[in-house]
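What follows is a short report on a single structure.
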Amino acid sequence: MANNSYSGVKNSMVEANHDGEFGCTLKELRSLMELRGAEAISKIGESYEDIQGLCNRLKTSPIDGLSGQPADIEKRKNVFGPNLIPPKKPKTFLQLVWEALQDVTLIILEVAAVVSLGLSFFRPPDAEREHCGRAAGGVEDETESEAGWIEGAAILLSVICVVLVTAFNDWSKEKQFRGLQSRIEQEQKFTVVRGGQVIQIPVAEIVVGDIAQIKYGDLLPADGVLIQGNDLKIDESSLTGESDHVKKTQEKDPMLLSGTHVMEGSGKMLVTAVGVNSQTGIIFTLLGSAEDDDDDEEEKKKEKEEKKKQRKNKKQDGSVENRKKAKAQDGAAMEMQPLNSDEGADAEEKKKSNLPKKEKSVLQGKLTKLAVQIGKAGLVMSAITVIILVVLFVVDTFWIQNLPWIKDCTPIYIQFFVKFFIIGVTVLVVAVPEGLPLAVTISLAYSVKKMMKDNNLVRHLDACETMGNATAICSDKTGTLTMNRMTVVQAYLAEKHYKKVPEPENIPSSTMDILILGIAVNCAYTTKIMPPEKEGGLPRQVGNKTECALLGFSNDLKRDYQAIRHEIPEEKLYKVYTFNSVRKSMSTVLKMADGSYRMFSKGASEILLKKCYKILTANGESKVFRPRDRDDMVKKVIEPMASEGLRTICLAYRDFAASEGEPDWDNENDILSGLTCVCVVGIEDPVRPEVPDAIRKCQRAGITVRMVTGDNINTARAIATKCGILQPGDDFICLEGKEFNRRIRNEKGEIEQERIDKIWPKLRVLARSSPTDKHTLVKGIIDSTVIEQRQVVAVTGDGTNDGPALKKADVGFAMGIAGTDVAKEASDIILTDDNFSSIVKAVMWGRNVYDSISKFLQFQLTVNVVAVIVAFTGACITQDSPLKAVQMLWVNLIMDTFASLALATEPPTEALLLRKPYGRNKPLISRTMMKNILGQGVYQLIIIFTLLFAGEKMFDIDSGRNAPLHAPPSEHYTIVFNTFVMMQLFNEINARKIHGERNVFEGIFNNLIFCSIVFGTFIIQIVIVQFGGKPFSCVALTIDQWLWCTFLGFGSLLWGQVISSIPTSRLKFLKTAGHGTQKEEIPDEELEELDDMDEIDHAERELRRGQILWFRGLNRIQTQIRVVNAFRSSISLYEGLEKPESRSSIHNFMTHPEFRIEDSEPHIPLIDDTDAEDDAPTKRNSASPRNATPSPTPPSPTPATAAPTAPVSPSPNQNNNAVESSNHLLPEGPKSGTPSAPGSPLHSLETSL
């Protein structure tokens, strides 16, 4: 009950103690916050008399809050700490350099370079030199031979360059994430009372002693004690693992903890602990988020101590879930790790630590795979190169020249071998595209930064790229498609339907008084209408927009709601039933002077009218309101309003006479009945002007937009038509939540995937839907196999109850303005302007990321192929690579680092929205790109080989082939190197288009980074060639040689035009590359673990349906044979079942339906509810086909010994109903006291069946 126990508080503001200290210490408060419920209340009673006493000790007033003077706030921060949890120290630049040095290829190069350096200083006496063979002789110039150390030094130098560039990229990436993180944190504001004024301050500014106002949907930023609450329910699962909502009252349990979510109601709390001293902060410090990752051992110890503590001082059970906010390095919040307080916890921990990392996003998966393939190929090539070089040298020296091995010559021979080795390693370095991860990172980080400008605040990097694949968007109506600026435009009042706001004179004064009083007290006190910021602007609406419309209505009727609120402050409200998605109404009870009660209600008109039995007439009297009248009213008033796209809200009241005594407030059904209807208003929420266009773009881009709203179906249909979601003449369907549920459930009331599959392809509007319906729809679309491509679903949401749907969707968008903290927490991207058209921008950026990576790949692979082949053939034919190690490293630098910068930062164009989504299985390298890669490769190879073997004749210069060991650089090889680089530069322009477009220059000047990088590379190339000298093995070239090189380079642009005229469809031999991971390639055990993590994406590895059925059939036969054999052989049952080979990986892929949210009970699903994979041991063990191997969960309580006789449902889609129905199918086994443990053969047999 929220009876106001503090009526006399105003006068009791305590004089500040002169000693300047507070009446309680940090330690006292900390220990106080560890208590719960009755213990806490008795402790407060013992130490401080009551909560008022605590306020006095903390020098604050429950009504006016802190004074807000800077000195006072500063002092509180010093004594009790700031509300910050110190983030993990970022890695220093040197650490990042050290990490970059760990790269294997670089280490090999460094070793080779050092060896080469060491050997270059050794020279045998000149006399013997001739005996060491042809290759060693021929160095006349003394200074030249002294320059032998240069190559080794140059390699070391270029390695340093590569390392620094990589480290710098990582560092700037980390810095961007820190910026992003702090931006997300700064955006979080909280409402507190200071100096009697309600203000919003950043969460970090909250101090101990603040009076904070809490309301539905808040994430509590600090620990505190409840001072006053209405119907307050908190979800504490993030701290206690208890999924039930905890009711908070001053009498029973006033303790509020940071990191928990307000699921219902509102109230005020006194902040008692902030930052590291709050409950969440204590857990962070235990998790050691302040220390490094290396202190795992200590962490484990601490965790164990923590568990012991928990066991001692917790009266309630349940595992301690600690929210690990310490952000993982990629900026995504790490998943919470359950520290179960049962004995199995340590085993859990161990298992958790060996798990593979969270399944990568689609793009990263494809890239990693591609990079590995390319790397393997490069390794093979480089090995062959080295072997051939060594063999040729040995054959030439010791066999053809018949020279003996002389001891003095050994160092020279070793020098040759080292040189060959260096060439081999360089081939490898060029072959391995280490620029790939860099390109992805740069592209994503760049996009995220730019998306900020487009009002998308990305919380998880990969969401940005997933958005490019989106095929469906389920959007809210209010605030996303509409402006969320609500105004009352029609009203049915005093038996008359007004098409615009009525004049106050036309309304009986008694009705008017009830109406205005009801609006003033039955709208949250945090909602208000402020004067406009600019002269002549619209008044600002603060708080819940529907309530703002009603307050605006009262202003339009020339009445001041604020005066009533001053007269009846929030503390005087007797009881408040806050709005939630089950009630769909809000009521406030006032206690009148004569002891009677009056309750005001407002809510969805069709729901509230059913509870009304009277209505106020034209003269202000009430008359009976029969069901017949109600149907009339629905037809004549509500439907016409709704068909114009208005939301209809009914306002009503009820009097409880003093003579009847106090009603039973907890019996809501009785309380909320027998109402008297005051009026019905039609609230307009105009469609945002840019939305219809944005929706058209989506539809053109192959994305289906669906509207999911809590509004009346006629309103929803009208708005959907205005937006263009529904076009006249389409055969799409609109359903109400009830009807939707009826259609998707079977006789037993269970949801069936087949039924959903019949509905969703046509469904465009889901009205009057509960949050569970939204979740069911999203899950149904994602799990659907009707369409070849798996659907990628984006969902928008703002309310706390949207959490599960946001989490379930591939990409969750939360509203930045209207969204609650819970919704933001569950989302991947926050729309800072709540606007649908920002989602279209996100799609554009997502597709752009994908294309940028493809562009980079197209460029990168051309260079790789050419460089590797040139080095390889050159080495085989001329016993020396035409491109020297240092030159290759420079080419590698242009290709990898610079090109990834240049191509990954292309801005998106509208053209991206003209094609359908790629889908999850589309290879990274399409056939068109393959054609470009091979075509350009052929051109470059022809040019280079021509120059290599005929260049000296064309340019009339000395041949550079077969030069001795420390020969000076030749013009010939310099021309080859220069032409090679020029071709790369021009090919970089070609790579800007990947769909075979003609005009490769289109929009090139929009990308300044690209232009400056190409230009910069050109300048550096000139410097290297003209002044690089010995380290780069270059000689200065003449002007006409330069022109030739540039011309040959420019040829690749012309050649590109030739290639794009060849239709790809003709070239049947072209293969695609870079698919997503296929199912068969993942080892079983890993899958199991991934499955347990609930992170693997079943659809990502979708095998075609036929294959699944085929395998499943095979498996069943195998299993049956194994069963028969097991039973035949009287030997142990364990044989034959537990051989690891006999497990089949396909089982892991049977999608396991998890529709666990029953709609019959009106509980709001918790975010953790829908995702917790491990919540019910039975769910895993019953007959879920996933666990074909023993699982670590506790044994299932059902005696599952009779499993083999469980009938197998024959439907081809068996995976969809097996799990649901298996519990009913298992016949009672012999009542043996031992249920089959999950590790037993019977268990694994049962799961296979």
The one condition GLY661 fails out of (1) touching a helix residue (DSSP H, G or I) at 6+ places or on another chain (Cβ under 7 Å); (2) over 14 Å from PHE600 (Cα atoms) is (1)
Kindly establish whether ALA967 is open to solvent by less than 10 Å² (accessible area, probe 1.4 Å) and touching a helix residue (DSSP H, G or I) at 6+ places or on another chain (Cβ under 8 Å).
-> no
Inside the range 83-105, the number of residues satisfying the requirement of being surrounded by 17 or more Cβ atoms within 10 Å (Cβ to Cβ), among the β-branched types (Val, Ile, Thr) and closer than 30 Å to GLY375 by Cα is 2
From GLY797, GLY749, GLY803, which residue is on the phi > 0 side of the Ramachandran plot and either surrounded by fewer than 19 Cβ atoms within 10 Å (Cβ to Cβ) or in contact (Cβ under 8 Å) with a residue 60 or more places away in the chain (or both)?
-> GLY749
Conditions (1) under 17 Å from SER278 (Cβ atoms); (2) at pLDDT below 85: number failed by ASP50 | (1)
Quick check, is THR511 at pLDDT 90 or above, surrounded by fewer than 21 Cβ atoms within 10 Å (Cβ to Cβ) and at negative phi?
-> yes
Do we find that SER447 is open to solvent by 40 Å² or more (accessible area, probe 1.4 Å) and touching a residue at least 60 places away in the same chain (Cβ under 8 Å) in this structure?
-> no
Residue identified as open to solvent by 10 Å² or more (accessible area, probe 1.4 Å) and either farther than 30 Å from TYR918 by Cβ or in contact (Cβ under 8 Å) with a residue 40 or more places away in the chain (or both) among ASN484, ASN456, ASN522 | ASN484
State the number of residues belonging to the range 459-509 that are farther than 15 Å from GLY682 by Cα and under 26 Å from the mean Cα position of the chain (by Cα).
-> 23
Among the residues of the range 634-658, which ones are more than 21 Å from VAL489 (Cβ to Cβ), part of a helix (DSSP H, G or I) and modelled with pLDDT of 90 or more?
-> none
Listing of strands (runs of 3 or more DSSP E) fully contained in the range 551-633 that carry 3 or more residues being modelled with pLDDT of 90 or more and open to solvent by less than 40 Å² (accessible area, probe 1.4 Å) | 585-591, 597-604, 612-616
Flag if ILE756 is part of a loop (DSSP other than H, G, I, E, B) and open to solvent by less than 10 Å² (accessible area, probe 1.4 Å) | no
Of ILE829, ILE787, ILE781, the only residue that is open to solvent by 10 Å² or more (accessible area, probe 1.4 Å) and β-branched (Val, Ile, Thr) is ILE787
For LEU934, all conditions in the list (1) touching a residue at least 24 places away in the same chain (Cβ under 8 Å); (2) open to solvent by less than 50 Å² (accessible area, probe 1.4 Å) hold save one; what is the number of the exception?
-> (2)
Contact list, first residue from the range 685-711 and in a strand (DSSP E or B), second anywhere and among the polar types (S, T, N, Q), beta-carbon distance below 8 Å, six or more apart or interchain, is VAL687/THR482; THR704/THR471; VAL705/SER475; VAL705/GLN699; ARG706/SER475; MET707/SER475; VAL708/SER475; VAL708/SER769
Any idea which residue in the range 50-82 is least open to solvent (accessible area, probe 1.4 Å), counting only those that are over 16 Å from LEU270 (Cβ atoms) and part of a loop (DSSP other than H, G, I, E, B)?
-> GLY81
Does ALA871 satisfy the criteria of being assigned to a helix (DSSP H, G or I), closer than 30 Å to GLY1028 by Cα and either in contact (Cβ under 8 Å) with a residue 12 or more places away in the chain or under 29 Å from the mean Cα position of the chain (by Cα) (or both)?
-> yes
Please give the number of the condition ASN669 fails out of (1) open to solvent by 10 Å² or more (accessible area, probe 1.4 Å); (2) of a type in the set (S, T, N, Q); (3) modelled with pLDDT of 90 or more.
-> (3)
Only one of GLU997, GLU988, GLU952 is surrounded by fewer than 19 Cβ atoms within 10 Å (Cβ to Cβ) and closer than 30 Å to ASP462 by Cβ; which?
-> GLU997
Write out, first by first residue and then by second, each pair whose Cβ atoms fall under 7 Å of each other, whose residues are 6+ apart or on separate chains, and whose first residue, in the range 193-215, is more than 12 Å from GLY65 (Cβ to Cβ) and of a type in the set (D, E, K, R) while the second is part of a strand (DSSP E or B) and open to solvent by less than 10 Å² (accessible area, probe 1.4 Å).
-> LYS215/VAL262
Here are some conditions: (1) within 26 Å of ILE925 (Cβ to Cβ); (2) at pLDDT 90 or above. LYS1079 meets all but one. Which one does it not meet?
-> (2)
Please list, ordered by first then second residue, the pairs with beta carbon atoms under 7 Å, 6 or more apart or interchain, first in the range 631-660 and acidic (Asp, Glu), second in a strand (DSSP E or B) and surrounded by fewer than 23 Cβ atoms within 10 Å (Cβ to Cβ).
-> ASP655/ARG598
Take the residues of the range 876-888 that are open to solvent by less than 10 Å² (accessible area, probe 1.4 Å) and modelled with pLDDT of 75 or more: which is nearest to VAL427 (Cα to Cα)?
-> MET888
Check on GLU505, open to solvent by 50 Å² or more (accessible area, probe 1.4 Å), assigned to a loop (DSSP other than H, G, I, E, B), free of Cβ contacts under 8 Å to residues at least 60 places away in the same chain and farther than 30 Å from ASP828 by Cα = no
Say we look at the range 449-474 and pick out the residues that are assigned to a loop (DSSP other than H, G, I, E, B) and at pLDDT 85 or above; which of these is nearest to ILE853 (Cα to Cα)?
-> GLY468
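The values are calculated or read from the model by the stated rules, or taken from the named source; none is laboratory data. The shown structure was predicted, so the numbers you read here are calculated from the model rather than taken from an experiment. In this analysis, Cβ positions are derived from the backbone assuming ideal geometry, glycine residues included, and neighbour counts consider all displayed protein chains. Surface areas here come from the heavy atoms of the whole protein model, side chains and all, with no ligands, DNA or RNA. Shrake-Rupley method; radii C 1.70, N 1.55, O 1.52, S 1.80 Å.
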